[in-house]
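> A single structure is presented below for examination.
Throughout, read-outs are computed from the coordinates displayed, never taken from laboratory work. Everything numeric here is computed off the predicted structure, so don't read it as measured data. Quick reminder, even Gly has a Cβ in these numbers, built from the backbone with ideal geometry, and neighbours come from all protein chains shown.
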Amino acid sequence: MDSVVSALAPTGGQTIIDISGLNKWFGDFHVLRNINMSVNKGEVVVVIGPSGSGKSTLIRCVNRLEEHQQGKIVVDDIELTDDVRNIDKIRRETGMVFQQFNLFPHLTVLDNVTLAPIRVRKMKKSEAEQKAMYYLEKVKIPEQASKFPGQLSGGQQQRVAIARALTMEPKVMLFDEPTSALDPEVVGEVLEVMVNLAKEGMTMIVVTHEMGFAREVGDRVVFMDAGQIVEVGTPEHFFVNPQEERTKSFLSKIL
Amino acid sequence: MLQPALPPPVRETGTLAWMRRNLFSNLWNALISVVALVVIAWGVLSLLNWMVFAANWDRVWANLRLMSIFRYPIELVWRPMASVMIVIFLFGMSAGLSKDGTGRIVRSAYNWMMGFVGFITLVALFAFPSVRFLWIAVVVLGVAGFWLARAVPVLAKALPWLWIASWFVSLFFLLGVGGNGNNPTGLEFVPPNLWGGIILTFFFSVTGIVLCFPLGIALALGRQSKLPAIKYFCIFYIEIIRGAPLITWLFTASLLLPLFLGGIRPEAIIRAQVAIVLFAAAYMAENVRGGLQALPKGQREAAHALGLTPWDSMRLIILPQALRSVIPAIVGLFIGLFKDTSLITIVGLFDLFAVALKVATQPESKLIAGGIVRELFIFMAIFYWFFCFRMSVASRQLEQELGLGTR
């Protein structure tokens, strides 16, 4: 248990997300149970676990797509409360990538990417477009800028979604099963973008079933089951020498 | 081994092949086809035969002015024409300013409208000398608006305001100013029970369509509001309005509205217009709600996650998509509203339908054997069909134009 506790509060570095005593219910269903977790700047935290374990709900609480009922969430020194100004501030600093991409189908790729910088950051159109092209090049699809999302493949759409989040230049990126809706053939191109992003020092929380990704770039792996954090550790520790029975049985099924 | 790509099998094409495949594929189908064709041909031929040889169009022709503007004083006929000119001029400007994409729809509607106006002008030129110069002016202004807007693109900024102003100016020209004695505007009052016909039908339907649209959206959004007071007000409003026929609301507006307003009695035309707008808005709200509910939840979430304000995400993300998915329903409502304006006859106003019924009962009309009701109804059928069909064409164009990025 000692190893778990020490991994919950990483030593050194600057905390950017701090979650303590978090509880959430969907109706009567207790979906998140006393979650304590903090993330340092530049850290990549991978959250894994069986479906229905509350992984997605946890990261959706971080930018208030879901409301929590108990506990405290602090992002970049701002506490998430009912105060709309705080919610807006936090959403500006957190980018999110969804399983279903959620690109805006009625806007071109370029408009998808520049919309928030222009509207939220009050950037000039030309400046926003320049920035958008920079990030579209980064995800390797600048040539698709004038197309509509419906004309792109799943992998391309997800890379646009990543560029859209990055163009806001957030401090934290949240990934909610970014490769789960993709054809197996194109999973690689999205993971590659995410690996590069991690190596450049972006702070990321990634909910995923891609164990290879967790091993390669994860600083810490969080295993959740039934709304609780069961075990936390470095990938080496986690995959080679898991402590909890539940973790062992989960890993034995998927590895 | 990789299979080579083969050309598709050759299909017989052409009218004969199509007929053989669809109409005469076996004996039974051939029999049905022949019988159906005979019945259709017989129906069409006898209708045409009646229209050309038996029908008496003289009374329809002689009453065209009555059906267009009703009993609007003949010496003031330039005033309704002036409102037509304003609208056509702005229509021309809109067409001149519209770019590609959805702008093509405006231009196509403009071309149709100019064709229609041109046709009337030709008829007026030969048959109705009293208005021929007025109609020529309409055509000239329609074309001038187009080229003016082309030459001065900055006008695009003023266009929405010009359209709003045009409503008031048109109404001002049509109604004039009430009161007695010295009238500084020089436009004497023409009571609404004198004017009607086609111009009233258009005035009611255009105003109704333009006003019920934003009101319906507001009600649909209100119905989804988290604030119970707004939410239940909207639900209550929508369900109450939809719970009674339009005629009921026209009567209510006509008889009860003055009571609510403490004895102030707005013109009948305003009262009827309010009833139509409020009625259509309830239906509009439900159409829009359908669109809002069809939108995947992820779209809202993505807009929130990017930090867009609720107003921006509604305006830029949610509404454009929600409305796009219910265009057919919305245009259906507009077409219905256009035709429902014929009900205003029951509150003492004379739209095209009411005037036509009056024409049918003129002593001169009754002298004709069999009356002229059939002729009048065919005339109206063509009139209503022309504009309903045009709206339906615009709806289809809009769907195509907005069906973006569908693979």
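> Between rounded, prolate and oblate, where does the stretch B:192-407 land on the alpha carbon gyration tensor, with a ≥ b ≥ c its root eigenvalues, rounded for a/c under 1.5, else prolate if a/b exceeds b/c?
The shape class here is oblate.
> Between rounded, prolate and oblate, where does the stretch A:122-255 land on the alpha carbon gyration tensor, with a ≥ b ≥ c its root eigenvalues, rounded for a/c under 1.5, else prolate if a/b exceeds b/c?
prolate
> For residue B:157, which lysines qualify as cross-link partners when the Cα separation must be under 26 Å and same-chain residues fewer than eight apart are set aside?
By straight Cα distance, residue B:157 reaches A:122, A:124, A:125, B:99.
> Let a ≥ b ≥ c be the square roots of the eigenvalues of the Cα gyration tensor of the stretch A:205-255; is it rounded (a/c under 1.5), or, if not, prolate (a/b larger than b/c) or oblate?
Note, shape of the stretch A:205-255 comes out rounded.
> Along the charge dipole of chain B, pointing to its positive end and built from +1/-1 on Cβ of Lys, Arg, Asp and Glu, which listed residue (B:387, B:369, B:332) has its Cα farthest out?
About the Cα centre, the residue reaching furthest to the positive side is B:332.
> Using θ = phi - 60° and the Karplus form 6.51 cos²θ - 1.76 cosθ + 1.60, what ³J(HN,Hα) does each residue of the stretch A:44-49 get, whole Hz, x for Gly and Pro?
10, 9, 9, 9, 10, x
> Rounded to the nearest 0.05, what FRET efficiency is calculated for residue B:58 and residue B:133 with R0 set to 25 Å and r the Cβ-Cβ distance?
Taking R0 as 25 Å, the efficiency between residue B:58 and residue B:133 is 0.45.
> So, in nm, how far is label residue B:165 from label residue B:399 when the simple model puts each one 7 Å beyond its Cα toward the Cβ?
Between residue B:165 and residue B:399, the label points sit 3.8 nm apart.
> Go ahead and set up a Gaussian network model of chain A, Cα springs under 10 Å, then flag whichever of A:100, A:157, A:130 fluctuates most.
Among A:100, A:157, A:130, the largest GNM mean-square fluctuation belongs to A:130.
> Students often forget the sequence filter, so: which lysines lie under 16 Å Cα-Cα from residue B:366 once same-chain residues fewer than 8 apart are removed?
Straight-line reach from residue B:366, under 16 Å: B:358.
> Further question on the same structure: Where is the GNM fluctuation largest for chain B (alpha-carbon springs, 10 angstrom cutoff): B:229, B:282, B:36?
Evaluated over chain B, the most mobile residue of the options is B:36.
> While we're on this one: Under 25 Å between alpha carbons, and skipping anything fewer than 8 positions from residue A:248 in its own chain: which lysines qualify?
A:55
> Obtain the nm distance between the two label points defined at residue B:11 and residue B:309 by a simple spin-label model: each point lies 7 Å from its Cα along the Cα-to-C-beta direction.
Simple spin-label model gives 5.3 nm for this pair.
> In the stretch B:73-190, with Lys and Arg counted as +1 and Asp and Glu as -1 at Cβ, which of these residues, B:134, B:88, B:170, has the Cα nearest the positive end of the dipole, that is, farthest along it?
Of the listed residues, the answer is B:88.
> With charges set only on the Cβ (+1 for Lys and Arg, -1 for Asp and Glu), what does the dipole of the stretch B:73-190 come to about its Cα centre, in debye to the nearest 20?
400
> Assuming R0 = 25 Å, can you tell me the calculated FRET efficiency for the pair residue A:241 and residue A:216, based on Cβ-Cβ distance, to the nearest 0.05?
The formula returns an efficiency of 0.85 here.
> Between residue B:351 and residues 5 or more places away or on another chain, which pairs have amide H atoms under 5 Å apart, with H built 1.01 Å from N, and which residues are they?
Answer set, sorted by chain and number: B:197, B:345.
> Just how far, in whole angstrom, is the stretch B:1-48 from the stretch B:287-359 if you go by their alpha carbon centroids?
Comparing the Cα centres of the stretch B:287-359 and the stretch B:1-48, I get a distance of 39 Å.
> At what distance in nm do the modelled label points of residue A:255 and residue A:126 sit from each other, each positioned 7 Å from its Cα along Cα→Cβ?
Between residue A:255 and residue A:126, the label points sit 5.6 nm apart.
> Using the beta-carbon distance between residue B:104 and residue B:25 and R0 = 56 Å, what value does 1/(1 + (r/R0)^6) give for FRET efficiency, to the nearest 0.05?
0.90
> List residues of the stretch B:196-219, by number, whose backbone nitrogen lies under 17 Å from a label position 7 Å along Cα→C-beta of residue B:339.
From the stretch B:196-219, the list is B:201-202, B:205-206, B:209.
> Relative to the Cα centre, what is the charge dipole magnitude of chain A, using +1 at the beta carbon of each Lys and Arg, -1 at the beta carbon of each Asp and Glu, and rounding to the nearest 20 debye? Present the calculation step by step, with values, prior to reporting the outcome.
On the way: 29 positive and 34 negative charges, 137 e Å.
That gives a dipole near 660 debye.
> Where nothing but the Cβ of Lys and Arg (+1) and of Asp and Glu (-1) is charged, how large is the charge dipole of chain B around its Cα centre, in debye to the nearest 20?
Details: 31 positive and 16 negative charges, 140 e Å.
About 680 debye.
> Just want the answer: with Cβ charges of +1 for Lys and Arg and -1 for Asp and Glu, which residue in B:221, B:350, B:151 is farthest toward the dipole's positive end in chain B?
B:221
> Hey, another quick one. Relative to the present Cα-Cα distance, how much length would full extension add between residue B:390 and residue B:224 at 0.36 nm per residue of separation?
Numbers: separation 166, 0.36 × 166 = 59.76 nm, distance 3.35 nm.
Length gained between residue B:390 and residue B:224: 56.4 nm.
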